[in-house]
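Down below is the structure, laid out as structure tokens.
The values are calculated or read from the model by the stated rules, or taken from the named source; none is laboratory data. The structure displayed is predicted, hence computed values, not measured ones. Virtual Cβ from ideal backbone geometry, glycine too; neighbours counted across all protein chains shown.
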Amino acid sequence: MTITVRLPVKVEAELRARLDRSRAGLSKFVREAIAEKLQREPAAKPSAYEIGKHLFGKHGSGRDDLSANRKAVLDEILRARHHRGRRTADRPVRPR
């Protein structure tokens, strides 16, 4: 692959000085710089899940079926609250 890179004058001067001191070729220097950059940075941006996975489930209920059975779980919670609040023996019967 052949590429052309436009460098600012100052950067070009620094690059030429470094290559002269190290007696390295420009192509080798550029290949190594590109290879280093590719190794250092991931190939793709992390997904939203990867960014926040340490937060998901942090305040969990201990149940692993909430997303699949959310309606049934909500129904259980509401029924438990409804039954907890009912004490028929303690309440007077209201006439209708």
Counted residues in segment 29-45 being farther than 15 Å from Thr2 by Cβ, assigned to a helix (DSSP H, G or I) and either aliphatic (A, V, I, L, M) or more than 32 Å from the chain's Cα centre (by Cα) (or both) come to 4
Conditions (1) surrounded by fewer than 10 Cβ atoms within 10 Å (Cβ to Cβ); (2) within 30 Å of Leu19 (Cα to Cα); (3) not hydrophobic (A, V, I, L, M, F, W, C) -> Gly62 fails only (2)
What number of residues within segment 46-96 are of a type in the set (Lys, Arg) and either modelled with pLDDT under 75 or part of a loop (DSSP other than H, G, I, E, B) (or both)?
9
Just to be sure I understand, how many residues within segment 1-19 are loosely packed, with under 10 Cβ neighbours inside 10 Å and farther than 15 Å from Ile34 by Cβ?
4
